[in-house]
Amino acid sequence: MNDRQYRTIRVDRDDRVVTVTLDRPAVLNALSSELMGELVDALQPLDRDPGIGSFVVTGSGRAFAAGADITEMASRTAVEMAADDYFAGWEAFAALRTPKIASVAGYALGGGCELAMMCDLVIAADTAVFGQPEVRLGVIPGIGGTQRLTRLVGAARAMDMILTGRTMDAAEAERAGLVSRTVPADRLAEETAEVARTIAAHSKPAVLAAREAVQRALETGLRDGLLFERRVFHALFANRDQKEGMQAFMEKRDPVFTGR
Ligand code: CO8
């Protein structure tokens, strides 16, 4: 990990898991440009570290994140927004290949909901509230909400959420397919850590390949997706981890993966 001091996030490492805590609780972790920059700055170098197996992103106080920072955006002009390609930096976060787990308690609204959807798994406390209320501000979701929410929950429910601005509680979000699991709030950190450790203990090349293959399902047709999956499956047989995983199974012992 780098030694940089961050103002808007906290970064902690526990063995192979790195947790980033959004740390602007006074403004419900509103996603400022500074926060976006710090998050990417912290995680990008770790993404290439074979010693890191998963990332967790979580909130603090009453929120995961209540959206993009409205105060920062409010007076900007269209020309400025376009010239800065405002929030294009979030694509760098979404492009991180190490599995990302959103651990959500409280508000995940607007950009907060979009940040959760940029992650590979969403684990929600029963206090979580999801929504895309941008229409109430006279705008629309701008960091993937119209695209990712529609793919995750279908057009009917995405239209309902995005056009009315209504929120979903954790139970509805889980039923709709936005959330991977829901847990009581006091178990959120523990449950998230358990999932993060489990993923991080697997062969990293296999995990990266699996993640990429699932993502491909969201972006391509079935025929191309199946071919991609099969080719990646074949390629994994070049790895020592494949030999070790299958040998360990046959010897009825736990595998020792090296990421090679
Ligand atoms: N930005 C900035 N400050 C915020 C935000 C935000 N998104 N959300 C909350 N805050 C601040 C409040 O202003 C308040 O500050 P202060 O104490 O100084 O007045 C503090 O956080 C606490 O909030 P509230 O007093 O409002 O707390 P409540 O419990 O009364 O209400 C809510 C909680 C319902 C979550 C309410 O704060 C709320 O509605 N927040 C805004 C939610 C929202 O609209 N989010 C969408 C933002 S737009 C967006 O995300 C678009 C992303 C795409 C941009 C891409 C551009 C290309």
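Key figures for this structure:
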{"item": "Ratio of the Cα radius of gyration of region 11-117 to 2.2 N^0.38 Å, where N counts its residues", "result": "1.08"}
{"item": "Packing-based ranking, highest mean first, of 35-45, 149-159 given that Cβ atoms within 10 Å are counted", "result": "35-45, 149-159"}
{"item": "Radius 13 Å from Cβ of D126, net charge of other residues (Lys, Arg +1; Asp, Glu -1)", "result": "-3"}
{"item": "Once the Cα gyration tensor of region 98-147 is diagonalised, semi-axes √(5λ) in Å", "result": "20, 14, 6"}
{"item": "The chain - mean residue ellipticity at 222 nm from DSSP helices (-39,500 (n - 2.57) per run, n ≥ 4, rounded to 500)", "result": "-13000 deg cm²/dmol"}
{"item": "Packing-based ranking, highest mean first, of 188-199, 232-243 given that Cβ atoms within 10 Å are counted", "result": "188-199, 232-243"}
{"item": "Cα-Cα separations in region 204-251 greater than 17 Å, expressed as whole percent", "result": "40"}
{"item": "Quotient of C-alpha Rg and 2.2 N^0.38 Å, computed over the chain", "result": "1.04"}
{"item": "Within straight-line cross-link reach of K100, lysines at Cα separation under 27 Å, skipping those fewer than 8 residues along the same chain", "result": "K204, K243"}
{"item": "Spacing of the two label points (7 Å from each Cα toward its C-beta) at K243 and E194, in nm", "result": "3.5"}
{"item": "Surface share of carbon and sulfur [accessible, 1.4 angstrom probe, percent] for the chain", "result": "55"}
{"item": "Whole-Hz ³J(HN,Hα) from phi, Karplus 6.51 cos²θ - 1.76 cosθ + 1.60, for region 218-228, glycine and proline x", "result": "7, 10, 9, x, 4, 4, 5, x, 5, 5, 4"}
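The values are calculated or read from the model by the stated rules, or taken from the named source; none is laboratory data. Keep in mind it's a predicted model, so treat the numbers as computed, not measured. Virtual Cβ from ideal backbone geometry, glycine too; neighbours counted across all protein chains shown. Just the protein is used for accessible areas: all its heavy atoms, side chains included, with ligands, DNA and RNA removed. Shrake-Rupley method; radii C 1.70, N 1.55, O 1.52, S 1.80 Å.
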